[in-house]
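What follows is a short report on a single structure.
Please treat every number below as a calculation from the coordinates, not as lab data. Because the structure is a prediction, the values reported are computed rather than measured. A quick note on method: Cβ atoms are made from the backbone with ideal geometry, for glycine too, and the neighbour counts reach across all protein chains shown.
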Amino acid sequence: GAVVSQHPSRVICKSGTSVKIECRSLDFQATTMFWYRQFPKKSLMLMATSNEGSKATYEQGVEKDKFLINHASLTLSTLTVTSAHPEDSSFYICSASGAYTDTQYFGPGTRLTVL
Amino acid sequence: GEDVEQSLFLSVREGDSSVINCTYTDSSSTYLYWYKQEPGAGLQLLTYIFSNMDMKQDQRLTVLLNKKDKHLSLRIADTQTGDSAIYFCADGGSGRGSTLGRLYFGRGTQLTVWP
C-alpha cells in the first residue's frame, strides 16, 4: 500500500514553455501533498505544501506565480512550472500523507530539463 | 527551522554492518525517519521511530535513538551491494503548528558497498 506515482518521469522542454507534473496517490486518500526540489548532491528543498481543496502554502523564496500548485482531489496534485528557464532544471519529487498518518510517501520523481 | 546533519559518505565491504549517523536540533520531535534513495528514483521510506522509543529493529535494520544527545543512527546488518544508495535522515518536527506534516531532511549519506 501507500503508493505515489508521478508523471512524467522525465521531461525536456524549451525555455519559455510551461510544464505540468502530476502526482497521484494510488491507494489512499492524500489530504496533504508536498512538493520538493532536489539539486545534485543536495538535500530535498520543500517548495510548498498543499491540502486538498485549498491554496498551497509556499516556502519562503519560492515564487508562487512561477510554480503553480493545484490539489483538486484527494488523489491528485499538480505542479506547473510556468515560463520555464534553464535554472528550473532539477529533480522534482512529490510526497503525500493521509488523514490518519504523518508519514509521507514519496513519488519516484520527475527529471525536468529546460533547454 | 530544524537542522538535521549527516555525514555525506560511507563505504563498507559486502557482508559488513553499516552505521549511518544523524543529529538533529529539535528536542520536541515526535517522529524521526530514514529514507533510501536509489539513483534517479524517489525516496523510499525504510523505517521510522517514535521519540519515546530507544530502539527499533526491522529485519536487517536497527534504529537507535538517543534523545538526550539528539542522535539517531541506522544500522544495516550484512550489507549487500543492493544497499548502495543515498540514505536520508528526516525529522518530523513536533507535529504541531508550523511543523505539522513537515519533514526536515539531512543532506543524505551516500552508502557505497564494495563486493
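For the pair B:ASP16 and A:LEU68, a Förster radius of 30 Å applied to the C-beta separation gives a FRET efficiency near 0.05, rounded to the nearest 0.05. Diagonalising the gyration tensor over the Cα atoms of the protein assembly as shown and scaling each eigenvalue by 5 before taking the square root yields semi-axes of 30, 21, 16 Å, largest first. The stretch between B:TRP114 and B:LYS67 holds 13.7 nm of extra length on full extension. This uses 0.36 nm per residue minus the Cα-Cα distance. Label positions at A:LEU76 and A:THR57, each projected 7 Å from the Cα along the C-beta direction, are separated by 2.6 nm.
For chain A, what mean projected area does the convex hull of the alpha carbons give, in nm²? The partial results should precede the final answer.
Values: hull surface 26.8 nm².
With the hull built on Cα positions only, its mean projection is 6.7 nm².
Stokes-Einstein diffusion for region B:5-60, with the hydrodynamic radius set to the Kirkwood value over Cα pairs and evaluated at 20 °C in a medium of 1.002 mPa s, equals 158 µm²/s. Quick check on chain A: of the DSSP beta bridges with both residues there, what percent are antiparallel, nearest 5%? Restricted to chain A, the bridges split so that about 90 percent are antiparallel.
Size descriptor for chain B, Kirkwood hydrodynamic radius: 14.2 Å (Cα pairs only, one decimal).
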